[in-house]
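The values are calculated or read from the model by the stated rules, or taken from the named source; none is laboratory data. Bear in mind that the values here come from a model prediction, so they are computed numbers and not experimental data. Note that we place each Cβ from the backbone using ideal geometry, even for glycine, and neighbour counts take in every protein chain shown.
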Amino acid sequence: MNAIPNLHTAERLFSGAIAEEYEKLKLICPAAAEMSRRVGEFMAEWLRGRAVPDSVLELGCGTGVTTAALLAALGEAPLTAIDSEPAMLAQARANLAPWIEAGRLRLVENDALSFLRAQADGSVDIIASAFTLHNFMDGYRSEVLREIFRVLKPGGLFVNGDRYGLDDTLEHTRLIQEEVKQYFKVFRDLNRIDLLEHWIVHLFSDESPDRVMRLAPALESMAEIGYQAVTVHYRNEVNALVSGVKL
Ligand SMILES: C[S@@+](CC[C@H](N)C(=O)[O-])C[C@H]1O[C@@H](n2cnc3c(N)ncnc32)[C@H](O)[C@@H]1O
């Protein structure tokens, strides 16, 4: 059996140049901004007709793109957003300053699993995430999904807009090849071959067999943990919006 490094600690996949130039992601992956918008839209729809939640978490808030969409959807409800990478959180702090000052947003530097483990059973209404879980090693991700389930209140929601690999591996590879072509095009045009290298290396880690999060097994493992109504609301190439509830 392969050892699982970093099972209990976050890896530093978003430090250095990738963090400093994270806004370039919208050029190499326009689908990411679209997904952030959809996560917010989904949240607004979920909340319609429900009581204002008093405990909402976001795992892996990064620079705050999805966080802003969540805050817009949440109305008066407060949000706690967690990220393990100081360089990403520093940008979130600047980008989301008005919400922090208004007391609507708390940013926490911690890794997702450690943070979740410190929360009481059944204490959180909603846990949202975007483009974070696919970065985790399989073992760490399973633990995180179990912990999310444990800390959700009965009736609580987990929503994740993320990279979910295609179950058709040939088609998946074709899409990744298209993605690589897009990376080359964008970074050649920007004359940033240094960033091209960082993102290609990052993509290799996303695509490694001990990390890639394929859709069907991901949904099955959520159902095995106990999530109900596990649903794919939106699918666009390697991206999907998935939710599950704890009854
Ligand atoms: C691709 S970014 C996505 C950021 C943001 N959710 C968005 O939609 O733009 C992934 C983020 O997850 C964070 N991250 C990765 N592993 C983590 C972990 N184990 N615990 C907490 N955050 C983590 C990274 O630091 C990074 O900011």
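What the table below lists for this structure:
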read-out: The one condition in (1) touching an Asp or Glu at 6+ places or on another chain (Cβ under 9 Å); (2) in a helix (DSSP H, G or I); (3) of a type outside the set (S, T, N, Q) that Arg211 fails to fulfil; value: (2)
read-out: Inter-residue pairs, beta-carbon under 6 Å, first free of Cβ contacts under 8 Å to residues at least 12 places away in the same chain and more than 19 Å from Gly155 (Cα to Cα) and in the stretch 225-238, second of a type in the set (Asp, Glu) and exposed (fewer than 15 other Cβ atoms within 10 Å of the Cβ), 6+ apart; value: none
read-out: Residue that is at pLDDT 95 or above and out of contact with any strand residue (DSSP E or B) (no Cβ under 9 Å at 6 or more places or on another chain), where the choices are Met43, Met88, Met35; value: Met88
read-out: Spans of strands (runs of 3 or more DSSP E) in the stretch 55-158 with at least 2 residues within 9 Å of the ligand (Cβ to nearest atom); value: 56-59, 79-83, 124-130
read-out: Any hit, the stretch 122-129, residues being over 27 Å from Leu25 (Cα atoms), crowded, with 19+ Cβ neighbours inside 10 Å and acidic (Asp, Glu); value: yes
read-out: Residue in the stretch 7-47 that is nearest to Thr66 (Cα to Cα), counting only those that are aromatic (Phe, Trp, Tyr) and not in a loop (DSSP other than H, G, I, E, B); value: Phe42
read-out: Condition met for Asp210 (under 17 Å from Leu25 (Cβ atoms), in contact (Cβ under 8 Å) with a residue 24 or more places away in the chain and not aliphatic (A, V, I, L, M)); value: no
